[in-house]
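Enquirer: Below are the structure tokens for one structure; questions will follow.
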Amino acid sequence: MQSRKIYNRIALLRKEKSFTRKELAEKIGVNFQTIGYLEREEYNPSLDLAFRIAEVFELPIHIIFSTKKMQTISELLNNK
């Protein structure tokens, strides 16, 4: 079975919190390069890693990750 692409908002959330990739990596216990792979959607996180990321940002997983292409924040706001 082929794995599905997982879309995310990690870069947006990281910049909002003013975290560098290295700082976020240290908070979740991975190499900083892993953050780059995740942000470019070149790598799907494990379930454990997704939970650790959600805990750092204090958000539900479904706000950060999706199997469908995510709308930009402006698209979300304009649809309301």
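The values are calculated or read from the model by the stated rules, or taken from the named source; none is laboratory data. Computed from a prediction, not measured in an experiment: that's the story for all the values here. Every residue, glycine as well, gets a Cβ built from its backbone with ideal geometry; the counts of neighbours run over all protein chains shown.
Enquirer: Across the stretch 1-27, what is the number of residues that are modelled with pLDDT of 95 or more and either in contact with a Leu (Cβ under 7 Å, 6 or more places away or on another chain) or not hydrophobic (A, V, I, L, M, F, W, C) (or both)?
Expert: Here the count works out to 15.
Enquirer: Output the helices (runs of 4 or more DSSP H) that fall wholly within the chain and possess 2 or more residues being surrounded by 12 or more Cβ atoms within 10 Å (Cβ to Cβ), or say none.
Expert: Those helices (runs of 4 or more DSSP H) span 10-16, 21-28, 32-39, 47-57, 61-64.
Enquirer: While we're on this one: Any residue in the stretch 28-55 that's small (G, A, S) and modelled with pLDDT of 95 or more: show its pairings with residues that are crowded, with 17+ Cβ neighbours inside 10 Å and not in a loop (DSSP other than H, G, I, E, B) at Cβ separation under 9 Å, as long as the two are six or more apart or on different chains.
Expert: Every condition considered, the pairs that remain are G36/R21; A50/N8; A50/I64; A50/F65; A54/I64; A54/F65.
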